[in-house]
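Data first, discussion second: the structure below is written as structure tokens.
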Amino acid sequence: MPNTGILKCILYEFFFIQVIHFFNYNFQHRFNREFELGERSCLRKIYEGDDSPSKCMILVVANIWKIPYKQRVNTIFVVELTDGWYSMGWKIAQADDPFR
């Protein structure tokens, strides 16, 4: 019967090499698109001031936080929006919600 410790070590090493290869491929792809081809994401263009924030764009909700106020009864919702490469925080302004 083979030693399971050696087998685990080989599997971990194979998995680690695959993760490094995947990370390296994605990093090279991103580098080629942003720096060599000059294609930047919509959020990066807005951050650098090269594009208007009023432009239409598709963003994905990555995370939602609920932050309670100590002095008020209301809570604040903060949403993390991403375009796949960069992300930004967005605070949802709550008016007097009649459906609460």
Let me test this: with uniform point scatterers at the alpha carbons of the range 15-65, what is the Debye-based log₁₀ I(q)/I(0) at q = 0.20, 0.25 1/Å? -0.87, -0.96
Among 77-89, 17-29, what's the highest-first ranking by average C-beta atoms within 10 angstrom per residue? 77-89, 17-29
Please order Leu43, Leu11 by the number of other Cβ within 10 Å, starting at the fewest. Leu11, Leu43
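Laboratory data are not the source of any read-out in this text; all were calculated from the coordinates shown. Here the structure is a predicted model, which is why all the values come from computation and not from measurement. Every residue, glycine among them, receives a Cβ derived from its backbone with ideal geometry; neighbour counts consider all protein chains shown.
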